Amino acid sequence: MPSARTRIATIVGARPHFVKLLPLSRALRRSFDEIVIHTGQHYDFEMSRLFFDELELPEPARHLGVGSGPHGAQTGAMLARLEEALVEERPAAVIVLGDTNSTLAGALAAAKLGIPLAHVEAGVRGHNRREPEEQNRVVTDHLSDLLFVPTADGVAELSREGITRGVHRVGDVMLDALEMAAALTRDRASALGRLGLERGRYVLATFHRAANVDDATMLGRIADALAAVEDTVVFPVHPRTRVRLEQSGAASRFAGAPHVRMIEPVGYLDSLDLVRGARLVVTDSGGLQKECYLLGVPCVTADRQTAWVETVRDGWNVLVPPESGRLAEAVNTFKPRGQRGRHYGDGRASERIADILGRTLGAS
Ligand code: UD1
């Protein structure tokens with residue numbers, strides 16, 4: 001094992017990173033001096049601080065305060081500030097997670113400085129190169145020295161792209177997080193009680209992908225679909241989506257649909273409560289698709305493709321692009337039809353990642 005003082009920098013910035021940090025940081029801190037660097041990609045209370053507070057995450061050693069902007073400007077600003085931070089902090093390795101612009105900037109900064117780079121959630125592919133997330137995944141994987149892959153499909157994807165060195169199938173840190181969250185929720189009042197919801201009697205809806213919400217026609221179709229759902233719809237609204245709903249006028253479609261309840265974005269623990277209690281989830285979030293599968297809740301994904309193919313293959317998730325006009329029908333009628341498998345590991349991915357990093361850095 002490396003000495004307790006071997007420094008590792010974990011780069012985070014967006015909501016899904018904070019969830020993954022819960023198990024990962026705990027595992028890393030047993031063997032390393034882990035510092036967290038927050039790019040500031042997400043900055044609203046509900047998108048960032050709430051997660052650090054309720055999940056008792058380690059305070060970031062640095063907060064780069066980059067904020068929102070066009071993809072190039074945002075990623076470029078992160079790259080410049082991360083380079084400075086990494087030169088000063090001199091970590092033995094950099095860890096990036098997932099597929100956001102913060103992930104890409106972290107990967108570029110580490111690679112250009114010659115710092116060993118580890119990617120958590122490597123090998124995930126949605127096969128749509130026009131999606132910013134897919135671009136971020138592909139570039140990050142090709143720059144990484146250690147690739148921590150959640151699933152068997154991910155290992156095969158990397159091999160097709162010629163990446164076979166440094167590849168470790170460890171399981172999915174989101175399953176680790178889900179299991180850890182159970183301990184944190186014990187003394188909390190359920191979100192269902194606070195929102196006056198009945199278990200199994202509502203649909204949970206979330207939308208934030210650029211392809212869905214930045215296009216006014218698409219967003220209008222989504223709003224129409226939610227208005228045509230037969231159950232109560234609980235809709236925690238991402239800040240980007242809220243702005244677009246107002247700008248495009250799509251929000252007016254809910255005027256005659258009081259069963260659609262728009263609420264502020266929720267933290268991780270409330271989100272898990274809401275998924276667990278839902279009859280079904282309709283979403284364009286990759287993370288939610290997986291959580292539904294893990295918790296045994298049917299999911300309708302508003303997209304043409306998914307990176308989490310196992311959930312569709314096993315019959316618990318169905319892909320229905322909003323432009324098909326069949327989203328509401330799918331939400332009202334979809335029933336899962338297969339057995340769920342153990343594709344996402346055993347809840348110990350983070351421990352494996354820490355062990356492999358220890359062996360790799362110890363040996364160098
Ligand atoms: C990002 C990730 C996406 C991830 C999602 C989780 C990229 C390319 N996309 O998308 O993969 O699933 O995070 O939420 O990195 N905004 C606020 N407050 C905030 C953050 C954002 O108001 O705290 C608004 C701003 O108007 C901003 C817009 O949301 O322009 C989009 O934010 P951005 O971070 O660019 O992308 P996300 O859509 O959040």
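The values are calculated or read from the model by the stated rules, or taken from the named source; none is laboratory data. Computed from a predicted structure; not experimentally measured. Positions of Cβ are backbone-derived with ideal geometry, glycine not excepted, and every protein chain shown enters the neighbour counts.
Scan A27, A80, A73, A9 and give me the residue that is part of a strand (DSSP E or B) and either under 22 Å from the mean Cα position of the chain (by Cα) or surrounded by fewer than 16 Cβ atoms within 10 Å (Cβ to Cβ) (or both).
Being part of a strand (DSSP E or B) and either under 22 Å from the mean Cα position of the chain (by Cα) or surrounded by fewer than 16 Cβ atoms within 10 Å (Cβ to Cβ) (or both) holds for just one of A27, A80, A73, A9, which is A9.
Would you be able to say whether some residue in region 213-233 is assigned to a helix (DSSP H, G or I), buried (at least 19 other Cβ atoms within 10 Å of the Cβ) and small (G, A, S)?
From region 213-233, those assigned to a helix (DSSP H, G or I) are 213, 216-227; that's our starting set.
Subsequent filtering for residues that are buried (at least 19 other Cβ atoms within 10 Å of the Cβ) retains 213, 218-219, 221-223, 225-226.
Among the residues that remain, those that are also small (G, A, S) are: 223, 225.
Taking every residue of region 213-233 in turn, at least one turns out to be assigned to a helix (DSSP H, G or I), buried (at least 19 other Cβ atoms within 10 Å of the Cβ) and small (G, A, S).
Taking region 143-174 as the region of interest, how many residues are assigned to a loop (DSSP other than H, G, I, E, B) and over 21 Å from K112 (Cα atoms)? Steps first, please.
Taking region 143-174 as the starting set, the residues that turn out to be assigned to a loop (DSSP other than H, G, I, E, B) are 144-145, 150-151, 161-166, 170-172.
Checking the rest, the ones that are also over 21 Å from K112 (Cα atoms) come to 150-151, 161-162, 164, 170-172.
Of the residues in region 143-174, 8 are assigned to a loop (DSSP other than H, G, I, E, B) and over 21 Å from K112 (Cα atoms).
Kindly evaluate P58 against the criterion of being under 15 Å from L357 (Cβ atoms) and either buried (at least 20 other Cβ atoms within 10 Å of the Cβ) or modelled with pLDDT of 95 or more (or both).
No.
Which residues, counting only those in region 239-265, are within 14 Å of the ligand (Cβ to nearest atom), crowded, with 20+ Cβ neighbours inside 10 Å and not charged (D, E, K, R)?
Result: T241, L245, P265.
What number of residues within region 33-55 satisfy the criterion of being of a type outside the set (D, E, K, R), surrounded by fewer than 20 Cβ atoms within 10 Å (Cβ to Cβ) and within 9 Å of the ligand (Cβ to nearest atom)?
Qualifying residue count, region 33-55: 3.
Which one of these is buried (at least 16 other Cβ atoms within 10 Å of the Cβ), in contact (Cβ under 8 Å) with a residue 40 or more places away in the chain and among the β-branched types (V, I, T): V155, V167, V149?
Sole residue among the options that is buried (at least 16 other Cβ atoms within 10 Å of the Cβ), in contact (Cβ under 8 Å) with a residue 40 or more places away in the chain and among the β-branched types (V, I, T): V167.
Being in contact (Cβ under 8 Å) with a residue 24 or more places away in the chain, of a type outside the set (V, I, T) and either surrounded by fewer than 17 Cβ atoms within 10 Å (Cβ to Cβ) or closer than 19 Å to Q247 by Cβ (or both) narrows it down to one of R186, R199, so name that one.
R199
Scan region 22-55 residue by residue and report those that are within 22 Å of R209 (Cα to Cα) and in contact (Cβ under 8 Å) with a residue 40 or more places away in the chain.
Result: T39, Q41, D44, E46, M47, L50, F51.
Could you check, for region 280-302, whether at least one of its residues is hydroxyl-bearing (S, T, Y) and under 14 Å from L178 (Cβ atoms)?
Checking region 280-302: at least one residue is hydroxyl-bearing (S, T, Y) and under 14 Å from L178 (Cβ atoms).
When you go through D273, D231, D224 one by one, which is the residue that is more than 23 Å from P321 (Cβ to Cβ) and more than 13 Å from the ligand (Cβ to nearest atom)?
D273
Kindly provide the set of residues from region 56-76 that are over 26 Å from L272 (Cα atoms), more than 12 Å from the ligand (Cβ to nearest atom) and among the hydrophobic types (A, V, I, L, M, F, W, C), ordered by number.
Matches in region 56-76: A61, L64.
From the residues in region 266-279 that are outside any helix (DSSP H, G or I) and in contact with a Phe, Trp or Tyr (Cβ under 8 Å, 6 or more places away or on another chain), which one is surrounded by the most Cβ atoms within 10 Å (Cβ to Cβ)?
That would be A278.
Only one of R194, R188, R209 is under 22 Å from the mean Cα position of the chain (by Cα) and not β-branched (V, I, T); which?
Selected residue: R209, the only one of R194, R188, R209 that is under 22 Å from the mean Cα position of the chain (by Cα) and not β-branched (V, I, T).
Considering only residues of region 311-329 that are in contact with a Ser or Thr (Cβ under 9 Å, 6 or more places away or on another chain), in a helix (DSSP H, G or I) and at pLDDT 95 or above, which is surrounded by the fewest Cβ atoms within 10 Å (Cβ to Cβ)?
Among those that are in contact with a Ser or Thr (Cβ under 9 Å, 6 or more places away or on another chain), in a helix (DSSP H, G or I) and at pLDDT 95 or above, it is V312.
Filter region 87-142 down to residues that are within 17 Å of A307 (Cβ to Cβ) and of a type in the set (A, V, I, L, M) and give me whichever is surrounded by the most Cβ atoms within 10 Å (Cβ to Cβ).
V96
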